[in-house]
Amino acid sequence: MFHGTSDTLQYTRQKQWGKRYEEQYFLCRYCHAPVSTHSVISGVQNRNHCPYCLWSRHVDHIRAGDRLSACKAIMQPIGLTIKRSQDKYGKTRLGELMIIHQCKECGKLSINRIAADDLAERLTEIFYASIRLERSLKDQLCANAIHLLEEDEWRLVVTRLHGISQN
């Protein structure tokens, strides 16, 4: 049985042994596909993007999962980046592959973790499309300390998505 608003659907199922459990879904604002927010499926705790088209919704304001944004507009996937962190010795480490989104209403830029069920083919398309981004948008990303992966970093993308290195 489905119940809820148009933004969030809740599906209650009867398990074989009689216990009930609920799965949370939302409908993608871009492609209208139902998207599970269950962490076992997505591999992330705070999902706000569609695994099929990778469009998101501007729900977070300060940090991932806070859901404090008043904007609520759709966010376009515009590129990929790598999460960078420093180890205890100050050496920069390259972490996980991330999606860069830009809000279609207010222009805010954000980065989001890739979920386990995101389509690798779509992520690859976004990477190649980002090579042709306008200089002004690339400058804006740089000003926000977001490193857009460049064409010469395609091996890193393939390795992160598929676990293999391409020559």
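The values are calculated or read from the model by the stated rules, or taken from the named source; none is laboratory data. Keep in mind the model is a prediction, meaning the values are calculated, not measured. In this analysis, Cβ positions are derived from the backbone assuming ideal geometry, glycine residues included, and neighbour counts consider all displayed protein chains.
Restricting attention to region 122-145, the residues that are exposed (fewer than 10 other Cβ atoms within 10 Å of the Cβ) and not in a loop (DSSP other than H, G, I, E, B) add up to 3.
Looking only at region 146-167, filter to residues that are in a loop (DSSP other than H, G, I, E, B) and among the polar types (S, T, N, Q); which one of those is farthest from M98 (Cα to Cα)?
At the first step, the residues of region 146-167 found to be in a loop (DSSP other than H, G, I, E, B) are 146-150, 163-167.
Okay, now just the ones that are also among the polar types (S, T, N, Q), so 165-167.
On the way: S165: 19, Q166: 20, N167: 23 Å.
Looking at residues that are in a loop (DSSP other than H, G, I, E, B) and among the polar types (S, T, N, Q), I get N167.
Taken over region 1-56, the criterion of being modelled with pLDDT of 80 or more, in contact with an Asp or Glu (Cβ under 9 Å, 6 or more places away or on another chain) and charged (D, E, K, R) is satisfied by R29 alone.
Entry remark, region 38-52: residues being within 25 Å of L149 (Cβ to Cβ) and surrounded by fewer than 19 Cβ atoms within 10 Å (Cβ to Cβ) number 4 in total.
The rows are residues; the columns are (1) touching a helix residue (DSSP H, G or I) at 6+ places or on another chain (Cβ under 9 Å); (2) under 25 Å from R29 (Cβ atoms).
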{"site": "H101", "(1), (2)": "no, yes"}
{"site": "C106", "(1), (2)": "no, yes"}
{"site": "S110", "(1), (2)": "no, yes"}
{"site": "D118", "(1), (2)": "yes, yes"}
{"site": "Y128", "(1), (2)": "yes, yes"}
{"site": "N144", "(1), (2)": "no, yes"}
{"site": "V158", "(1), (2)": "yes, no"}
{"site": "G163", "(1), (2)": "no, no"}
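All conditions in (1) surrounded by 12 or more Cβ atoms within 10 Å (Cβ to Cβ); (2) at pLDDT 90 or above; (3) of a type in the set (G, A, S) hold for A73, with the sole exception of (2).
In region 91-114, how many are in contact with a Lys or Arg (Cβ under 6 Å, 6 or more places away or on another chain) and over 15 Å from I78 (Cβ atoms)? Talk me through it step by step, then tell me what you get.
Going through region 91-114, the residues in contact with a Lys or Arg (Cβ under 6 Å, 6 or more places away or on another chain) turn out to be 92, 95-98.
Among the residues that remain, those that are also over 15 Å from I78 (Cβ atoms) are: 92, 95-96.
Number satisfying all stated conditions: 3.
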